[in-house]
Amino acid sequence: MKQKKQPLSNKKSLLIFASSALIGIGTVGLLGNSLTSTENTRPADTKKQLPEEQETTESSNPTPNLKEETKDKAAGVFDRFDIDLPLGGLFTTDPQRASNSAVLQPQELRSIASAVRERDTQASVTPTPQAPALPVVPDLPDEPLLPLPTPGEEDEPVVQPPTIVDPPVIDPPVPPIVQETTPSISLFAQTVYLNQGDSFSPYDYFSVTDSGDSAPIIEISPYTLSVGTHTISIRATNRFGNSASANLIVVVNSRPVLTPAATEIDLEIHDKIDLLDYIQADDLEDGDITDSVRVSTNLDMTKEGSYEATYRVRDSSGASARPVTMAFHVNNEAPVIHTQDIEWEIDQLFNPLDFVNVTDREDDRDGLTIEVTEEHILENDVDISKEGTYTVRFGGISDRDGKLAEERTMTVTVVNEAPHIYVPDMIIEVGSAVDQDRFINSIVVSDREDDKKGLLPTIEVDHAALNAVDSSSEGEFLIPISATDSHGKRSEAIGKIIVVASQEQEPPAEEVAPAEEVKVVNEPFLTESSAIPSEIFELPESSDSHIEVDSTPSELSVENVEEPSPTITTESEQTNENSVYDET
């Protein structure tokens, strides 16, 4: 509220007071000069006594409260304008003050001038909103502030009353009008996409502004982020109680998962592989993303050793799976030498390379063959001309990568088969003559090795037994027979001559194995003779010769025939307890 202006009479009084102050300044100068001249004319002893008198006067007359007790017009002016009276000897000891003199002392004039100057300075300064209220100028008295000079007093100067100027009126600060506001929430994005495991703070995705409140209260609804879609509520309330709200949608994308076939994989050297065959990548949103898998590896399929491969993958949202590292072992199996122990015919050409071969898993897979040569035969002591057991050792065989095979040894047994003797039974009737030539010609001898070389075994017949055959009575007579090949290998057999009663039918010949075909040299005929029992004789099926006997019973001759006679055993030979089968 503005203060009311003072009456015009107060303003005039102030103007008169200020004018009087200016005139008083000049008067102070004149009074000062007169006082100086008067003090200079006083005798020295008077100057010395002055302080003692002043002390006596001051002690006997203490300074009164000028604002309450003095009746001086000047003191009244000071009191009205709330100005402290100057304290000093001139004011209290001047006799003119006691008689209510209207003369202003220099200190009074200076105080008036200082008060006026200070008031003008404060009026020119712009007041702050909390400036104190201006002092209210008291009403001036009806009588003049300063007494008018009495006619006839020419020594006292005439002081014009100062012109009183009203101080400027300053309006108090008007408090601002407060207007309520409402906060505003701005979302940087309506939907936030995150990957599983990412850090998240909702404060990073919105801002709140309010012109009436720089720090509104923000509330966020509780949330727990898992794979899927979530809604987070945001509320801002200002100091006026007004609020705003918004919803932030957060979509959490699952991370893909890599599943290895195994932690360690064995591979064959030089094999062609696809590393993606050993991993599976799945994503909850994208499904099977194995084709997007990236592989970093130091794998070298041309060298045996252990390697590593690291798999990584990202889904369509950029989420990456936890990397998976697998160990790969490239293996190269050594070649394998294959051979076996064999029996070999004596005098037959022998080449050990015909009985060995090498396999290699990796080379065989790629269609490569490992050949065995003479340099791979480390040992060979086989003597094909002599029966016995011999050794052949193979080694130094490697695959294309230089991996050596383990040495192998084969055993060769050189054998010489004994000659095979075939003698059919000779049946004659009682009283018939014994035809020895027919019996000897029926003997067939063969030898595997001598037959290939075109050699004939040596055949011997026990002529004493042959001559002892008695055909006068029924009975069986055994004829010893032997055969020796070119290497001295000897076989023995027993021929049989059977004497049967006359007019009897010949017993049926014993059947032989169906797989063999039997050819009998010379048909049997009946003769009367006597003989001793005989043993079984066997003729090998590979025989291609028969025996002819000349006129000398002790000499035998063998000639080749186109078809060899197989071994035949008769029923009587099988039932004979003394029969012997000799085959080496």
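Label-to-label distance for R400 and T163 is 12.8 nm, based on points extended 7 Å past Cα in the beta-carbon direction. Plainly put, region 257-331 has a radius of gyration that is 1.02 times its Kirkwood radius, both from alpha-carbon atoms, as the Rg/Rh ratio.
Among the GluC sites (Glu not before Pro) in region 374-429, those located in a DSSP loop and surrounded by at most 15 other Cβ atoms within 10 Å of their own Cβ are E387, E406, E407. Shown for S214, S306: other C-beta atoms within 10 Å of each C-beta, ranked fewest to most, produce the order S214, S306.
Mind checking the log10 I(q)/I(0) for region 336-415 at q = 0.16, 0.21, 0.24 Å⁻¹? Debye, one equal scatterer per Cα, no solvent, two decimals. Rounded to two decimals, the profile gives -0.60, -0.88, -1.06.
FRET efficiency for V174 and S233, Cβ-Cβ distance as r, R0 = 41 Å, nearest 0.05? Write down the numbers at each step before the final one.
Values: r = 42 Å, r/R0 = 1.03.
That gives a FRET efficiency of 0.45.
Place a point 7 Å from the Cα of N247 along the Cα-to-Cβ direction; which residues of region 196-221 have their backbone N under 14 Å from it? It comes to 221, nothing else. Value of Rg to Rh for region 184-253, rounded to two decimals, is 1.02; Kirkwood radius and Rg both from alpha-carbon coordinates.
Would any residue of region 376-396 have its amide N under 15 Å from a label point 7 Å out along Cα→Cβ of E343? List them or say none. The answer is 387-390, whose backbone nitrogens lie closer than 15 Å to the label point.
Rule-based calculations on the coordinates, nothing more; no lab input. Because the structure is predicted, anything quoted here is derived from the model rather than measured. Every residue, glycine among them, receives a Cβ derived from its backbone with ideal geometry; neighbour counts consider all protein chains shown.
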